[in-house]
Amino acid sequence: MNALDVIIGLIGFALTLMVFSYLLGYNFFFRAALYLLVGISSGYIAAVLITKVILPLLIAPIQAHNGQFSPLTVVPLLLCLLLVLMLFPRTVSAGKLPLAFLVGVMAALTIAGVSRGTLAPQLLSIVNRFSPSLVQTDGEPAWGQILEAVFILLGVVAVLFTFHHRTHLKGDTEARSGLVEGLSSVGQVFIGITFGMLFVGFYTTALTALIAQLGTIKDFILSLITG
Amino acid sequence: MKKAIPILIAGLSGLLVLVALIWQPQLAGWLEVVLNWAVIIASVAALVAMATLLLAHTRKIIMVRHGFIYSVILIGAFLVSFVGGMTAGVENPSYLRWIAAIQQPAEASLLGLAALVMAAAALRLFHQRGWSALTVSFGISALVFLVLGLGWLQALQIPQLDIVIGYLEALPLVGMRGLLIGMGLGALLLGLRIVLGLERPYGE
């Protein structure tokens, strides 16, 4: 173990203790570790953005045209300058134009991505369970497959009804209809099951990280003692 | 008129991207140009956000406000990391080793801490929300999947039990599908509202 390894190990050890000091309360050491992490990460991200995006995509094309501006280079440059004006209180509104452009592009990508990547595959996977090749075996109905398909369809519909908040006037109070209320309760059960599984998945990952980090500290201390 | 220009830009850029995505081979060049612009603007927006953060903390230091020591730590760490990345290069192995030496233990410890906090939060859920279809199914599901995750039941290798486990493991997919479709519909609707100018997240 050389001097650099010892220093890096000590930094890791100190940061681990600082983070776990949160168990004693929201204290100076925990906050210092968080601010250090934010500072280091944002500095790294800023350097990556400048060297990997701004310089090759914005500055290099201008240099390639010997400093002469072409419409393809001047538009992003202008939009970027408008964004930079957002740093000054008097010109904050100048940033609306580049942000509007960005939001428009992102919205379009979301529409295309969600419809092709999420909605279509999910809906097709439900519909495909009713395909004749699956719900029939040798011309006879495969009741197990049919029940499974209906169960999944009803489950998905029930989950969607959980977020249906349209109410009707019932006497003096506003309430959801009985059918919606019933479906919503069933949907809540399915959502609870899904959240339970997700919770366990995340909990197991976090616990693994905790054990691994404690193991790293133990190894570091042992290597310091044994040399 | 002033208000209409951002709405027009958002709508036109959105429609252009949608049209370019549909007429793929013909408008692929245009799509690439617009996406490049979006990447540049998103990067500059992130840099502007970081600059705003640094300015706010610099003000805190200059005015010696309560907790300014954290601002000193943040700005010091930012400068060290940023200057190091710009001078040595962001792909320099020594630079990356130093960055990882701080990020890796801090992030792993935070994730480990999350395990402890999550266990406490899960118990608090029952206190705060009481017994409902959601909380009961959540609790039972968490318990069942925790046991299944240990792998003891699978190790018994009983065929009937394996079938039951298969059904149990498929159950969360129903809720997941419903949630994904719900989120997808929500995102689709929001995207359409932005392109049509009904939603203006960039400000009025």
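The values are calculated or read from the model by the stated rules, or taken from the named source; none is laboratory data. None of these values were measured; they are calculated from a predicted model. Note that we place each Cβ from the backbone using ideal geometry, even for glycine, and neighbour counts take in every protein chain shown.
Details
- Among the helices (runs of 4 or more DSSP H) confined to region B:85-156, the ones with at least 1 residues that are crowded, with 16+ Cβ neighbours inside 10 Å, facing chain A (nearest Cβ under 7 Å) and out of contact with any Gly (no Cβ under 8 Å at 6 or more places or on another chain) are located at B:93-129.
- Set B:V48, B:V34: member being within 9 Å of another protein chain (Cβ to nearest Cβ) and free of Cβ contacts under 8 Å to residues at least 12 places away in the same chain: B:V48
- A search for C-beta distances below 8 Å between a residue of region A:170-189 that is in the same structural domain as A:V157 (by TED's automatic domain parsing) and any residue that is exposed (fewer than 13 other Cβ atoms within 10 Å of the Cβ) and among the aliphatic types (A, V, I, L, M), counting only pairs 6+ apart in sequence or on different chains, returns A:E181/A:A175.
- Of all residues in region A:91-132, those satisfying the criterion of being of a type in the set (D, E, K, R) and either assigned by TED's automatic domain parsing to the domain that holds A:Q145 or over 20 Å from B:A46 (Cα atoms) (or both) are A:R116, A:R129.
- Among the residues of region A:15-29, those that are part of a helix (DSSP H, G or I), loosely packed, with under 13 Cβ neighbours inside 10 Å and over 27 Å from the mean Cα position of the chain (by Cα) comprise A:L24, A:F28.
- Selection from region A:113-168 of residues that are closer than 15 Å to A:S184 by Cα, in contact with a Ser or Thr (Cβ under 9 Å, 6 or more places away or on another chain), part of a helix (DSSP H, G or I) and not β-branched (V, I, T): A:A158, A:F161
- Filter result for A:H164 (surrounded by fewer than 13 Cβ atoms within 10 Å (Cβ to Cβ) and modelled with pLDDT under 80): no
- All of (1) closer than 28 Å to A:L78 by Cα; (2) buried (at least 21 other Cβ atoms within 10 Å of the Cβ) hold for A:A33 with one exception: (1).
- Taking first residues from region A:85-113 that are more than 7 Å from chain B (Cβ to nearest Cβ) and partners that are at pLDDT 85 or above and surrounded by fewer than 18 Cβ atoms within 10 Å (Cβ to Cβ), the Cβ contacts under 6 Å between residues at least 6 apart in sequence or on separate chains come to A:T91/A:L85; A:A94/A:L85.
- Subset of region B:185-203 [in a loop (DSSP other than H, G, I, E, B), loosely packed, with under 14 Cβ neighbours inside 10 Å and more than 7 Å from chain A (Cβ to nearest Cβ)]: B:L198
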